[in-house]
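Just below is one structure, and these are the notes that go with it.
The values are calculated or read from the model by the stated rules, or taken from the named source; none is laboratory data. What you are looking at is a predicted structure, and each value in this text was computed from that prediction instead of being measured. Don't worry about glycine lacking a Cβ; one is built from the backbone with ideal geometry, like all the others, and counts go over all protein chains shown. For the accessible areas, the whole protein counts, side chains as well, though only heavy atoms, and no ligand, DNA or RNA atoms are used. Shrake-Rupley method; radii C 1.70, N 1.55, O 1.52, S 1.80 Å.
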Amino acid sequence: MKEILYTSTRGKDTGVKASEAVLQGLATDGGLFVPETMPVLDKSLDELAGKSYQEVAYEVMKLFLTDYTEEELKACIANAYDSKFDTEEIAPIKEVDGVYYLELFHGATIAFKDMALSILPHLMTTAAKKNNIKEEIVILTATSGDTGKAAMAGFADVPGTRIIVFFPKDGVSPVQRKQMVTQKGDNTFVVAVEGNFDDCQTKVKQLFGDKELEKEMLEKGFRFSSANSINIGRLVPQVAYYVYSYCTLLGKGQLKEGEKLNVVVPTGNFGNILAALYAKLLGVPLGRLICASNDNKVLFDFFSTGIYDKNRAFVLTTSPSMDILVSSNLERLIYRICGNDASKVSEFMNDLTSTGKYELTDEMRKEFKGFGAGYATQDQVAKTIHDLYEKTGYVIDTHTAVAACVYNKYKAASKDETKTLIASTASPYKFTKDVLTAIDSKYAGMDDFEMIDKLSEISKVEIPRAIEEIRTADVRHNTVSTVEGMEEVVKGFLK
Ligand SMILES: *Cc1c(COP(=O)(O)O)cnc(C)c1O
């Protein structure tokens, strides 16, 4: 099989092996690793149609992570996609009201981040062994709410690793906060930051790029890495569920051979939808990839105008995991759109840092074909949850509702009848308050756990283990930091 090597979107690091890219996270020039050539599936979709999630994941991941042996990859997959998930299907597809909802929230923390973060620690510790890394791996992660918990669940008590999570103090849901501050594991450390997600993410990126700090840490026996979706080890496992979805629908006769399937993705950092693009490039007949934004509609504006402009007010919405103005993974799309021109990407990213915006040429904008974009306001999100429940009894979370709303608008405007898959990215239990009050405002006065019980009653969906666990869990983390103080917090934990 052809070896796939990785290159930085900003051009400095090239010819990097997959396992090295997984260990490193971000490239040394601040760019993101992308495959130098895009692989294609070496089995037909028909052959994959009857296979389990784990088997499909292997067929996809082996194409990207070519320096892992078959044995290593299969062990990583077996360790990740096991009874931590509450269904053997791992990623079940529900047909509701004429669309397919791909439920990606059946893992340990009931958000789609589990799909990648349950395997990343295994990919990383395997990579450390392969590359004779002796230092302890320290994961630094900025989270808008879901990544942090999912990353800690993955890394907790994994030998040879530690994890530090920064979350925006006032920017996460009550359940998300409780999930994080009750995290167990001696190697985990959680910090509430007085700032928004972009502040956290920008500071973490700066810490990664700080050569002085890196040297100091290496001397103490620590090596930083990232569990954010900038890590190729997170992106690759996400490609698997799009391939799996298509093949499963094909196997069930819900798609005919070669029939297109549109995909709608509630988008924040642009990782999930980029994985859909990679699945399409592997040869899966996906149709339009529709990027759904909330009120922080930077990406909608970008796809509409070719101008990326983060100079605007940051809105705290009911879909906090999408409250992002700087979508890191977009850099990987820009790289493709520029015809793999790293100097052009560097120029854009410098513009973004200095002026907060950049503008694509008309030539580059032509490469948007194949994408769609829309956004949903918070009122529209609430109405979407309400109407779908009234019509079908199916309850979706606020993030999935952004996608469902954007899909409804897209379909009305385009008359496109192509079958459609909506990435359902979180369990409604993670955002109980907003979901329940969208269904009926009479529930507004209840406390968090009364609401959870009520949601179970009206949705007839069992309360997930992840929620039952936090009912009684003790708070173990209460560190608060300013954005400027984050570096000292890291040094303090690694004393
Ligand atoms: C992270 C997250 C998103 C956004 O995904 P990206 O890959 O960052 O675009 C959407 N919904 C939920 C529930 C999330 O946790």
Handout entry: Mean projected area in nm² (Cα convex hull; one quarter of hull surface) for segment 58-115
Key = 4.8
Practice task
Could you order Lys409, Lys215 by accessible surface area, starting with the largest, using a probe radius of 1.4 Å?
Solution key: Lys215, Lys409
Handout entry: Alpha-carbon gyration tensor eigenvalues x 5, square-rooted, for segment 1-62, Å
Key = 29, 12, 9
Handout entry: Ranked packing of 166-178, 371-383, most packed first, by mean Cβ within 10 Å
Key = 166-178, 371-383
Exercise for the section: List the pair-distance distribution P(r) of segment 263-312, using every Cα-Cα distance, as the percent of pairs falling in each 10 Å bin from 0 up to the bin containing the longest distance, rounded to whole percents. Expected result: 25, 49, 23, 3
Handout entry: Fraction of beta bridges assigned by DSSP in segment 247-369 that are antiparallel (%, nearest 5)
Key = 40
Problem - Two-decimal Rg to Rh for segment 163-223 - Kirkwood Rh, Cα set - result: 1.04
Exercise for the section: Could you list the chymotrypsin sites (Phe, Trp or Tyr not before Pro) in segment 34-80 that lie in coil according to DSSP, counting only those with at most 15 other Cβ atoms within 10 Å of their Cβ? Expected result: none
Exercise for the section: Return the Cα extents of segment 116-182 along principal axes one, two and three, sorted largest first, each rounded to a whole Å. Expected result: 41, 18, 17
Completion exercise
Descending accessible area (1.4 Å probe), largest on the left, turns Thr69, Thr126 into Thr69, Thr126
Practice task
Hey, can you find the accessible area per residue of segment 154-284 for me, probe 1.4 Å, expressed in square angstrom?
Solution key: 32
Problem - DSSP beta bridge pairing in the chain, given as percent antiparallel to the nearest 5 - result: 25
Practice task
State the Cα centre-to-centre distance between segment 83-135 and segment 340-370 in whole Å.
Solution key: 31
Practice task
Give the ranking of Ser459, Ser354 by solvent-accessible surface, highest area first, calculated with a 1.4 Å probe.
Solution key: Ser354, Ser459
Handout entry: Rh (Kirkwood; distinct C-alpha pairs) - the chain, Å
Key = 22.6
Problem - Relative contact order %, segment 147-293, counting alpha carbon pairs below 8 Å whose residues are six or more apart - result: 17
Problem - Per principal axis, descending, Cα span of segment 346-495 in whole Å - result: 59, 53, 24
Completion exercise
Across all Cα atoms of segment 75-228, Rg and the largest Cα-Cα distance (Dmax), in Å, are 16.6, 58
Problem - Accessible carbon and sulfur surface of segment 123-173 relative to its total accessible area, %, 1.4 Å - result: 44
Fill in the blank from the handout: For segment 158-310, the Cα convex hull volume per residue in Å³ comes to 183
Exercise for the section: Kindly provide the pair-distance distribution of segment 11-102 built from C-alpha pairs, with 5 Å bins from 0 and whole-percent values in order of increasing distance. Expected result: 2, 11, 17, 17, 18, 15, 11, 7, 2, 1
Exercise for the section: Round to a whole angstrom and tell me the spacing of the C-alpha centers of segment 233-278 and segment 438-495. Expected result: 29
Problem - Stokes-Einstein diffusion coefficient of segment 376-449, Kirkwood radius over Cα pairs, 20 °C, 1.002 mPa s, in µm²/s - result: 167
